1. What area, in nm² and to one decimal, does the C-alpha convex hull of segment 42-94 cast on average over all directions?
2. Under a Cβ-Cβ cut-off of 10 Å, what is the net charge of the residues other than Ser203 that fall near it, where Lys and Arg count +1 and Asp and Glu count -1?
3. Mind putting a number on the dipole of the chain about its Cα centre? Charges go on the C-beta only, +1 for Lys and Arg and -1 for Asp and Glu, and I need it in Debye to the nearest 20.
4. Given the -39500 (n - 2.57) contribution per DSSP H run of 4+ residues, what per-residue ellipticity at 222 nm results for the chain, rounded to the nearest 500 deg cm²/dmol?
5. How large is the dipole of segment 48-120 about the Cα centre if only Lys and Arg carry +1 and Asp and Glu carry -1, each at its Cβ, rounded to the nearest 20 debye?
6. What FRET efficiency comes out for the pair Phe185/Gln226, r = Cβ-Cβ distance, R0 = 35 Å, nearest 0.05?
7. Using the Cα atoms of segment 110-168, I'd like the radius of gyration and the largest Cα-Cα distance, Dmax, both in angstrom.
8. Sequence gap at least 6, Cα distance under 8 Å: using those rules, report the relative contact order of segment 145-232 to the nearest whole percent.
Amino acid sequence: MILAAGRGERMRPLTDSLPKPLLKAGGHALIEYQLRNLAGAGFIDIVINHAYLGEMIENALGNGERYGVNIQYSPEKIVLETAGGIANALPLLTDQSGNLPFLVVNADIYSEMDYASLLPTMRAMQSSTNQRLAHLVLVGNPPHHVEGDFVLQGDQVMLTGDNKLTFSGVGIYQSQLFNEIKPGFPVKLAPLLRQAMQAGKVSGEYFSGQWVDVGTPERLGLLDQQLKSQLE
């Protein structure tokens, strides 16, 4: 699943007439980099949620054929936040038993992570559905978020401790994490993750490669310059 429903307030005025996932860097929309990375790793069935200017996302990406994927859309009449958006899309994300874990990535990040590296973790989570509710990819703290989010001790993600890292917006989840959410209601993801961490049911890993939270016009501009220079 690619999360693409945010309003992109910090990106204004760029997002006044264009949804944030369609903003371009290096000649391609941010969400296109995610689609290509996912397709290259073998993730063919993609769900994209949208709310603000969502029809523009559907018109731009279509059914995903030209990216080598099959896209289904999960429209939201109101922005349901991360957990609410995932819960709303669950029928498209897992099997009837609810035992099939799924990968979720933010549309507004740029990352050179090889998503295929997460496949062994997904298989392990599928074979032991009750042991882990989530697996998070953590990265070094960027200048705009120096305090970090969570602590990685071995392969366990903890709430407290030294050397906090930043949640990358890339995670694998079990549907059970969202069992208590009523479809159509806005719910944030962080409280659910904290509860699962306290129960010892969140694992994680550290990614040291390039990762950019494209949250402001300035960071978009820097990424655009970098990608264009690589092409040259």
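Read the figures in this text as sums done on the coordinates, not as results from a lab. It should be emphasised that the depicted structure is a prediction, and the values quoted were computed from it without experimental measurement. Neighbour counts are summed over all protein chains in view; Cβ atoms, including those assigned to glycine, are modelled from backbone coordinates with ideal geometry.
1. Working: hull surface 15.3 nm².
Computed as one quarter of the Cα hull surface, the answer is 3.8 nm².
2. Values: positive: Arg132, Lys201; negative: Asp155, Glu205.
Local net charge: 0.
3. On the way: 17 positive and 23 negative charges, 64 e Å.
It works out to roughly 300 debye.
4. Counting only the DSSP helices, I get -8500 deg cm²/dmol.
5. Around 120 debye, computed over segment 48-120.
6. Values: r = 39 Å, r/R0 = 1.12.
Computed FRET efficiency for Phe185 and Gln226: 0.35.
7. For segment 110-168, the Cα radius of gyration and maximum Cα-Cα distance read 13.0, 38 Å.
8. Details: 62 pairs, mean separation 23.4, N = 88.
Relative contact order of segment 145-232: 27 percent.
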